Amino acid sequence: MINKRLLVKNLLAHNDENSFYDKKRFISIGEKEGKAKFLKHVCALANSNPKNNSYIVVGVEDEDNKIIGVDFFDDSKIQNLVNAYLDNPPLIAYENIPFPHLPEGKVVGLVTIKSNGKVCALRKNIWKYYGGAVFFREGSISLPKAFDIELKDINSDKVATIEQHARNNIELTLDGVIDFINNRHADLTSNYKVFKEQFVVCWAGNTKQVGDKTYYSRVDIELINEQVKLFYSTLDEVVIHYDDSTFSTLEYVQLGLGKQQKYYPLEEVLITFSENGSYKIDSKLVFEFPEYDKKTLHHIFNTNNALVQKVAKDIRLTPAEKQDLSYLPDTYLICYLNGFEEAKEQMEAARPIIKNYDRKLYQSLKLSFRILRKVRYAN
């Protein structure tokens, strides 16, 4: 099994950006330009490597390869994005790789791209790229090429060598378990489970017993063998189940208007481990959002807009307004889910304002964006 942290280090240490590897400070697939550029690079890397994996490392400075990290990204629907915009789409996975020196919640993103052996092309127009465009890598640049160009395998040996150097061993696995439990999460309840005598899953969090269920908050879950962070949240609550072959999580989010808060199941993730040394991850959105009277939501929507304007202009808020502002991420999200399409635009506009005003409130806003993204992709 490949240790993904070692793989990232090997890619950074031994290679400039090339036809099977790219690095990014960040990717932004929430807006059209960022989505288009990401699809262009995926297309180019898939076409330039029809027989082996290609990689994009996210969270690295371009000039000096310094690992600075990005926020944990748990969007399992990224394959849906690629399928929607590309003909002959490659298989694609986004994994969150923890590094010890990074702040809590920061990881390195690793995008793995596996071509299906056919020419990959844009299916439809997006941003300034036209449907039918085909991209290939020339050095570190993704460039458009003629559609009928032949796919050539030139990197299989190089990639195989890099991946071989990133293979796991018992010492690395034990070090990973000890570090997870004793160092990074010494203040939390931690546990681990070995599946099929090969895979080690560690999880940690604050526990709360309600009836026969144990809820975890401040949750961190890692597949230690591959140094992949499977789940991370400082806000949500999670129920964990496992048996000899599977490990599953059911994530709950807290939503409501004002103090009328309830927990709603959001997403169920099931990891199935096989005897042949492989595993698969399946996710299912189980979210049923709360519905409210449109007149009430219209009033709340306008109040939120006015509060953001006051914060932007540095106008002093009353205690009641501060209370309303603390609910703003939830109420904007509820408005959007109940048909207020413009609420998403208002959330985007509020993002930099809230970030400068209150870091805790900004974290709550990021959670609302994550829920919104999951709902949009599922639909």
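No value in this document is a laboratory result; all are computed from the given coordinates. For clarity, every value in this text was computed on a predicted model and none was experimentally measured. Neighbour counts are summed over all protein chains in view; Cβ atoms, including those assigned to glycine, are modelled from backbone coordinates with ideal geometry.
Given an 8 Å cut-off on Cα distances and at least 6 residues of separation, report the relative contact order of the chain as a percent.
Values: 691 pairs, mean separation 47.7, N = 379.
For the chain, the relative contact order is 13 percent.
Bridge orientation summary for the chain: considering DSSP beta bridges with both residues in this region, about 95 percent are antiparallel. Three principal axis extents of the chain based on alpha-carbon atoms, in descending order, are 64, 49, 36 Å.
From the cross-link list LYS262/LYS284; LYS106/LYS196; LYS77/LYS124, which pairs have alpha carbons spaced over 24 Å apart?
LYS106/LYS196
By other beta-carbon atoms within 10 Å, ranking CYS43, CYS120 with the fewest at the front produces CYS120, CYS43. The alpha-carbon of LYS259 sits under 26 angstrom from the alpha-carbons of these lysines, leaving out residues fewer than 8 places away in its chain: LYS208, LYS213, LYS294, LYS295, LYS310, LYS322, LYS344, LYS355, LYS360, LYS366, LYS374. By the Cα gyration tensor, the stretch 288-357 has an equivalent ellipsoid whose semi-axes, rounded to whole angstrom, run 21, 13, 10 from largest to smallest. Sites listed here are GluC sites (Glu not before Pro) in the stretch 113-193 whose DSSP assignment is loop and whose Cβ has at most 13 other Cβ atoms within 10 Å: GLU150. Sparsely packed loop sites in the stretch 186-295 (the trypsin sites (Lys or Arg not before Pro) outside DSSP H, G, I, E and B with at most 13 other Cβ atoms within 10 Å) comprise LYS259.
Separation of the stretch 1-77 from the stretch 118-139 is 18 Å, based on Cα centroids. Residue order for ILE178, ILE113, ILE170, ILE162, fewest other beta carbons within 10 angstrom first, comes to ILE170, ILE178, ILE162, ILE113. Ordering VAL375, VAL286, VAL107 from the fewest to the most neighbouring beta carbons within 10 Å gives VAL286, VAL375, VAL107. Once the Cα-Cα distance is subtracted from the 0.36 nm per residue extended length, the ARG316 to THR207 segment shows a gain of 35.4 nm. Computed over the stretch 4-164, the Cα gyration tensor eigenvalues convert (square root of 5λ each) into semi-axes of 25, 19, 13 Å, ordered from largest to smallest. For the chain, the 222 nm mean residue ellipticity estimated from helices alone, with every DSSP H stretch of n ≥ 4 adding -39500 (n - 2.57) and the total spread over all residues, rounds to -10500 deg cm²/dmol. With a cut-off of 9 Å between beta carbons, the residues surrounding CYS202 carry a summed charge of -1, where Lys and Arg count +1 and Asp and Glu -1. For a straight C-alpha distance cut-off of 20 angstrom, the aspartates and glutamates reachable from LYS145 (same-chain residues fewer than eight places away being disregarded) are GLU17, ASP22, ASP87, ASP153. Checking every one of the GluC sites (Glu not before Pro) in the stretch 265-326 against DSSP loop status and a limit of 13 other Cβ atoms within 10 Å picks out GLU275, GLU288, GLU291.
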